[in-house]
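The values are calculated or read from the model by the stated rules, or taken from the named source; none is laboratory data. Small disclaimer: the values here were computed from a predicted structure and weren't measured. So basically every Cβ, Gly included, is an ideal-geometry build from the backbone, and we count neighbours across all protein chains shown.
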């Protein structure tokens, strides 16, 4: 439900908790969210995010921020397991995904991925490692689709109120050139 709210939230209206509450009322009145579900939304976490520098950048970017960015990509099987070697050069793994947010500039793109994991601040770095593969797939697909580098991936952990930024060197280690392709769906 928290992801649903983030998907439909008007970020110009929701700049703080009062704005978020107005947006939750709007989503209920439009039928996008049931009134009984509002209590299950991490409103405190979303309210925190709305006040961050990253949220301000998203707001300022206007149409350059795309939510729920769907894609399909073909990856070499060895990307997932170095022990697996395709018998045929055409053998690929089809990957389908939806990126929570893509912030695009003329020079680069950035991934924004909201995490609702119920963890403490001290667990963020370790938990972020679990998402390396996911961020790598997102970065690889975006670089091919947008024909520009992915400068960073932002893991927005709502419960501990922390944003874990993966700088381009960390993302780049996953974006070696390969015989792969991607398309927007």
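So the values come out like this:
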read-out	value
Residues satisfying the stated conditions in the stretch 1-22, i.e. more than 23 Å from residue 160 (Cβ to Cβ) and part of a helix (DSSP H, G or I)	8, 18, 22
Residue list for the stretch 76-107, restricted to those being in contact (Cβ under 8 Å) with a residue 60 or more places away in the chain and within 21 Å of residue 152 (Cα to Cα)	79, 96, 100
Selection status of residue 151, touching a strand residue (DSSP E or B) at 6+ places or on another chain (Cβ under 8 Å), in a strand (DSSP E or B), at pLDDT below 90 and more than 21 Å from residue 9 (Cα to Cα)	no
Residues within the stretch 29-44 that are part of a loop (DSSP other than H, G, I, E, B) and either touching a helix residue (DSSP H, G or I) at 6+ places or on another chain (Cβ under 8 Å) or modelled with pLDDT under 95 (or both), tallied	5
Residues within the stretch 64-88 that are surrounded by fewer than 18 Cβ atoms within 10 Å (Cβ to Cβ) and more than 24 Å from residue 24 (Cβ to Cβ), tallied	15
Selected residue (only one of 78, 47 is touching a helix residue (DSSP H, G or I) at 6+ places or on another chain (Cβ under 6 Å), closer than 26 Å to residue 128 by Cα and in a helix (DSSP H, G or I))	47
From the options 132, 179, 172, residue that is modelled with pLDDT under 95 and within 13 Å of the chain's Cα centre (by Cα)	132
Test: residue 113 is touching a strand residue (DSSP E or B) at 6+ places or on another chain (Cβ under 9 Å), in a strand (DSSP E or B) and either closer than 24 Å to residue 80 by Cα or at pLDDT below 95 (or both)	yes
Members of the stretch 9-36 that are under 27 Å from residue 70 (Cβ atoms) and surrounded by 15 or more Cβ atoms within 10 Å (Cβ to Cβ)	9, 11, 14, 20, 23, 24, 26, 27, 28, 33
